[in-house]
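The values are calculated or read from the model by the stated rules, or taken from the named source; none is laboratory data. As the structure is a computational prediction, the values presented were derived from the model and not from experiment. Cβ placement follows ideal geometry from the backbone for every residue including glycine, while neighbour counts extend to all protein chains displayed. Remember, those area values only see protein heavy atoms, side chains included, never the ligands or the DNA or RNA. Shrake-Rupley method; radii C 1.70, N 1.55, O 1.52, S 1.80 Å.
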Amino acid sequence: MAEILGLGCTHRPVMLRRNEDWTGMMKTSLDDPDMPAEMKDPARWPAQLREELDNDWGAGAAGRAREVYRRHFAETRAALDAFKPDVIVMFGDDQYENFKEDVVPPFAVLAYDGHEIEPWKSRAWNPWSEPNDKRFSFKGHRAAGKYLASGLLEHGIDMAYAYQPLHHPLGHAFAYTLLLLDDERRGFGYPVVPFSVNCYGRRVNAARGLRLPLKMRDKIRELDPPSPSPARCMAVGAATARVMAKSPWRTAIMASSSWSHSFLTEKNYQLWPDVAADRCLYDALEKGDYATWHGYTTDQIEDSGQHEVLNWFCLLGAMEELGRKPNRSTFIETWAFVSPVVFARYLP
């Protein structure tokens, strides 16, 4: 059987912004014309949120957090380098990038030959001070992607697949992860098969992957069809592990996303994430309590703004199938910077 490494990380878009811009999503929500006046009063906000914001709207805290995230990305990269995978299967969400109104598959294996991106084309700043026309090339693995899609279909998973992009060369959940894993710019030579998950469900087309105006907060169920359920994500992850364990390739199975997002947590008026709900899920992850993960519902995901954690449900399904508990995991709490973050490692 082929060896499998399990990894969980984040694609952390705020890492590609200046420190003073890390609270931009919160400021946008505060400026929403339907934000209740009382919710603009900092006295009503959690003490942890006020502490992070301090008197500079979080710029100082963002600078300190940036170094914490960089350290964890470096540790994740070190785990990859030690394992030397033949291919990385990466679960990530598509936020109205490659999949739009013409088709939104619940899941899709992107069996591309390679990935060409120009991430700074529409950005005025990046943490590496790279030119706007800088182009990056990452390897794909069509053979492994075809093998995975074929195996999933044979296991009763109705899996979509693609050999070339539709609207976007590579969604940011995948592209940003690769850029952050190569922070030192040593190059990233491991072939990647992106595994797209429709995490945004009911709001993916209506919100185009971003926030919805507050006037829509009670109408979200009327928008788009829902995402695949947490249970289905775990089943897809389990089948992925079974397929790749029989493959000829050493495989790293990864999930890349942050956890509950402030701009998806309507019950908090999009001002802070559901840290308590994330903590409960994380405690179960840390203990290898898969029953808690199996019991989770789409309603819980949507209520807590945990849409992107569906990527992790795929990873947890794979790790349960392999009988793994995390060798190392970390929960990084934040109230001001959109979403808490988890890093996890499941060694063979």
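Along the principal axes of its C-alpha atoms, what lengths does the chain span, in descending order and rounded to whole Å?
Ordered largest first, the chain gives principal extents of 59, 42, 41 Å.
What number comes out for accessible area per residue over the range 211-346 if the probe is 1.4 Å? Units Å², please. Don't skip to the end; give the middle numbers.
Details: 4550 Å² over 136 residues.
Value for the range 211-346: 33 Å² per residue.
Where does the range 298-348 land on the Kirkwood hydrodynamic radius, alpha-carbon pairs, in angstrom?
12.4 Å
Can you give the direction-averaged projected area of the convex hull of the alpha-carbon atoms in the range 1-60, in nm²?
Across all orientations, the range 1-60 yields a mean hull projection of 7.1 nm².
Using alpha carbon coordinates only, what is the Rg to Rh ratio of the range 1-126, with Rh defined as the Kirkwood radius?
Dividing the radius of gyration by the Kirkwood radius yields 1.04.
Which entries in Lys27/Lys100; Lys246/Lys325; Lys100/Lys287; Lys134/Lys215 show an alpha-carbon gap greater than 29 Å?
In this structure, Lys100/Lys287; Lys134/Lys215 lie more than 29 Å apart at Cα.
Return the aspartates and glutamates within reach of Lys121: Cα separation strictly under 18 angstrom, same-chain partners fewer than 8 residues apart disregarded; answer none if there are no such residues.
Cα-Cα hits under 18 Å: Glu97, Glu130, Asp133.
Rounding to the nearest 20 debye, state how big the charge dipole of the range 152-280 is about its Cα centre with +1 on each Lys and Arg Cβ and -1 on each Asp and Glu Cβ.
So the dipole magnitude of the range 152-280 works out to roughly 180 debye.
Report the relative contact order of the chain, percent, no decimals, based on alpha-carbon pairs under 8 angstrom and at least 6 residues apart.
29 percent
State the antiparallel share, in %, of DSSP beta bridges confined to the chain, rounding to the nearest 5. Mind showing how you got there, number by number?
On the way: 15 of 35 bridges.
Taking every DSSP beta bridge with both residues in the chain, the antiparallel ones total about 45 percent.
Report the equivalent ellipsoid semi-axes for the range 251-335 in whole Å, largest first, defined as the square roots of five times the eigenvalues of the gyration tensor built from alpha carbon atoms.
23, 13, 12
Please compute P(r) over all alpha-carbon pairs of the range 205-308, binned at 5 Å starting from zero, and give each bin as a whole-number percent.
2, 10, 18, 22, 17, 13, 9, 5, 2, 1, 0
Filter the GluC sites (Glu not before Pro) in the range 20-111 down to the DSSP loop ones having no more than 12 other Cβ atoms within 10 Å, then list what survives. Don't jump to the answer; show the numbers that get you there.
Working: sites: Glu20, Glu38, Glu51, Glu52, Glu67, Glu75, Glu97, Glu101; in loops: Glu97, Glu101.
Loop-located and lightly packed - Glu101.
Could you give the size of the charge dipole of the chain about its Cα centre, using +1 on the Cβ of each K and R and -1 on the Cβ of each D and E, expressed in debye and rounded to the nearest 20?
For the chain, the charge dipole is close to 740 debye.
Using the charge dipole of the chain (Lys, Arg: +1 at Cβ; Asp, Glu: -1 at Cβ; taken about the Cα centre), state which of Trp249, Pro36, Val197 has its Cα farthest towards the positive end.
It is Trp249.
Could you order the peptides 331-343, 159-171 from most to least packed, using the average number of other C-beta atoms within 10 Å per residue?
Descending mean neighbour count gives 331-343, 159-171.
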